[in-house]
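Taking it in order: structure first as structure tokens, then the write-up.
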């Protein structure tokens, strides 16, 4: 604001006693932090571009070019503030992850009494009660009861998982309609949720600090510029040149050789590409991320909520031999029984029946048995709907043919639901997760763009993962992965020299997103932690924007290289002119500012709609 106020006064030919204080206040407010950081680096015997830019700004002010110095200060102060803000928000989201687990738990004492205690006070061996709709307070094993548990936050599975005695449950997951009695197996600080938080924090801290291209040579450039400036001041002075002329030559050199044009050569194309991507539904969090996206050589996709919508749908209706029903009647009756149910699978069946225009008959004696299914009576006939393990006998010869149908449905990655009519199996329904319509084309575009097939990383079972992979064209499938397993996969790919981008949406994906070179989150249903951890967010959940933004990043990189060549040429010519001859200060400033304008305008080409259109075309959209 101070810089803009000073600029307005200057453009209106206002008095210098008004514009200069505004500019100098801009120097102080925006420059003290990079100056302090530069001095601390200098104390450690390193010279970074922060101190160099502050010195250039002061040098510009000392010879009357206070506006140029103010522009340098604004660029660096804004960049540093945005980086600090992003870091702070990520740290806050990691701390907030631990709030997923409930604060209290109902512990059962040895005398059978119930007491409410802080979840952090639970120890291994304690038994806790988890009522319907509550969160599981600790990792443990079910010792009594049955229910279905939504554990998408940990494993990424799209559908609730039936839990019975002997099954493992995780802290922070949501219990369904039944009551569970759970024996604690891990302390709060050792739970899977706590490990996810630790993995995200560790990956964020150990992830190599990525830098823009110009920052990679800042140390040598900074030292060279300082040495050259001092030499231009001291050597002519030693030979008897007047102090004022020697100082003017040195300050002119500092102005023309300052990396202002180089900074603008790098930043405008990347920032313009960020703005362009934002208009098309991709939020890229920084210029560094935009540069990193173009270097991607392998993409890893999560399944649930990423390649799929995370919403179950009816995929198959099979009428078993001997049944008097046809598929429409079977669906109609099952939907009627499931209508009062709260289970997501039941909701999928009801949606499918309504989509076909089926009228649901009234039901009597509805009963839901957690972990076992539902039952009701229609026109006096008893109908049961549940899992194959509950309603079919694995060792029965009579059920052998029915198990073949169930196995065929499950082999395609579907969840099988068995229907009994008066205790006789009459049908099997297959339910699956909805694949995004653009998933196949996005996967193909990513493979063509990177030259390597994407990887599927999921916590779901192998059969379901393999089926989905076959539908979208992914050959490399890694299934049944916990969050730390996904990090291991990312590390393995990186060890092979790959620059990995991970695309996910759930809390269980956050550690992998943090460990990857670039983390991309699906914004529609993405968790807060995932959105904060990710480097880029697909706001509209359109997978085809991922290859497009990678292609856009590569186009921006080419513009950056061209800009650096332009800026470097101007700096070299003006600096040599100043060293070998006498470069008039106004001409030096004009050349310096001219190069800045040229590279700035060239970079702004990335704002044009045509830039995204070309990127989308090159990405196969």
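The values are calculated or read from the model by the stated rules, or taken from the named source; none is laboratory data. Quick caveat: nothing in here was measured; it's all calculated off a predicted structure. Here the Cβ is made from the backbone with ideal geometry for all residues, glycine too, and neighbour counts use every protein chain on show.
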Only one of (1) at pLDDT 85 or above; (2) within 19 Å of residue 306 (Cβ to Cβ) does not apply to residue 460, and that is (1)
Of the residues in the stretch 322-349 that are at pLDDT 85 or above and part of a loop (DSSP other than H, G, I, E, B), the one that is surrounded by the fewest Cβ atoms within 10 Å (Cβ to Cβ) is 326
Is it fair to say residue 529 is part of a helix (DSSP H, G or I), modelled with pLDDT of 90 or more and outside the structural domain of residue 173 (by TED's automatic domain parsing)? no
- Does the stretch 385-395 contain any residue that is in contact with a helix residue (DSSP H, G or I) (Cβ under 9 Å, 6 or more places away or on another chain), assigned to a strand (DSSP E or B) and touching a residue at least 24 places away in the same chain (Cβ under 8 Å)? yes
Residue count, the stretch 409-423, condition buried (at least 21 other Cβ atoms within 10 Å of the Cβ) and within 30 Å of residue 545 (Cα to Cα), comes to 2
Expected single match for in a helix (DSSP H, G or I), modelled with pLDDT under 75 and surrounded by fewer than 19 Cβ atoms within 10 Å (Cβ to Cβ) among 594, 588, 568, 524 is 594
Picking from 453, 459, 437, the residue that is under 30 Å from residue 614 (Cβ atoms), touching a helix residue (DSSP H, G or I) at 6+ places or on another chain (Cβ under 6 Å) and in a loop (DSSP other than H, G, I, E, B) would be 453
Note on residue 561: of the conditions (1) touching a helix residue (DSSP H, G or I) at 6+ places or on another chain (Cβ under 7 Å); (2) not in a loop (DSSP other than H, G, I, E, B), unmet is (1)
Contact list, first residue from the stretch 325-353 and under 19 Å from residue 364 (Cα atoms) and assigned by TED's automatic domain parsing to the domain that holds residue 149, second anywhere and surrounded by fewer than 22 Cβ atoms within 10 Å (Cβ to Cβ) and at pLDDT 90 or above, beta-carbon distance below 7 Å, six or more apart or interchain, is none
Apart from one, (1) modelled with pLDDT under 90; (2) not in a helix (DSSP H, G or I) all hold for residue 360; the odd one out is (1)
All conditions in (1) more than 25 Å from residue 164 (Cα to Cα); (2) under 38 Å from the mean Cα position of the chain (by Cα); (3) crowded, with 21+ Cβ neighbours inside 10 Å are true of residue 426 except (2)
